[in-house]
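Comments concern the structure below.
The values are calculated or read from the model by the stated rules, or taken from the named source; none is laboratory data. Model, not experiment: these values are computed from the prediction. Every residue, glycine among them, receives a Cβ derived from its backbone with ideal geometry; neighbour counts consider all protein chains shown.
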Amino acid sequence: MENHIKILGILWIISGTLGLTFAIIVFGILFGVSYIPDVGYEAEVILRSIGAGFSLFLAILSVPEIIGGIWLMKKREWARILVLLFAFLNLINFPFGTALGVYSIVILFNQEAVKLFGKG
């Protein structure tokens with residue numbers, strides 16, 4: 001069971017890192033497009049606002065995944081609850097988020113895992 005929890009922690013760190021990377025790419029693309037000549041003032045404002053807002057939203061979702069993954073490997077109960085929350089949210093993120101969410105739910109609701117985290 002400890003190996004599954006370490007694997008889960010690593011997978012959540014990777015998932016959060018990919019989310020942050022995607023946020024940076026979206027931010028860079030939308031801000032870059034807003035600097036094209038003859039785009040117009042309104043388009044600049046809209047592209048920059050969408051780029052900043054969407055990137056901030058993705059970062060807000062990705063950073064807790066990284067934190068949860070790190071502390072899940074250190075077997076903290078609050079990290080288990082945080083990862084379970086994100087596992088349920090990731091079920092709609094087909095196909096990889098669904099697979100990670102189902103794997104996380106199955107492992108973290110297992111009685112051995114619950115005892116390993118100090119509940120039981």
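Given the structure, is PHE94 exposed (fewer than 14 other Cβ atoms within 10 Å of the Cβ), of a type outside the set (A, V, I, L, M), under 30 Å from MET1 (Cβ atoms) and at pLDDT below 95? It is true that PHE94 is exposed (fewer than 14 other Cβ atoms within 10 Å of the Cβ), of a type outside the set (A, V, I, L, M), under 30 Å from MET1 (Cβ atoms) and at pLDDT below 95. Hey, any hits in region 12-23 for a residue that's of a type in the set (S, T, N, Q), at pLDDT 95 or above and buried (at least 18 other Cβ atoms within 10 Å of the Cβ)? Yes, some residue in region 12-23 is of a type in the set (S, T, N, Q), at pLDDT 95 or above and buried (at least 18 other Cβ atoms within 10 Å of the Cβ). Against the criterion of being farther than 25 Å from GLY118 by Cα and more than 11 Å from the chain's Cα centre (by Cα), TYR35 qualifies. Inspection of region 37-57 identifies no residue that is of a type in the set (Ser, Thr, Tyr), under 15 Å from ILE5 (Cα atoms) and surrounded by fewer than 18 Cβ atoms within 10 Å (Cβ to Cβ). Pairs linking a residue in region 47-72 that is touching a residue at least 40 places away in the same chain (Cβ under 8 Å) to a residue that is of a type in the set (S, T, N, Q) and in a helix (DSSP H, G or I), with Cβ atoms under 7 Å and 6 or more positions apart or on different chains, are GLU65/SER15; ILE66/THR17.
For region 97-115, the candidate set comprises residues that are within 15 Å of ILE10 (Cβ to Cβ), of a type in the set (A, V, I, L, M, F, W, C) and in contact (Cβ under 8 Å) with a residue 40 or more places away in the chain; within that set, the residue that is surrounded by the fewest Cβ atoms within 10 Å (Cβ to Cβ) is ILE107.
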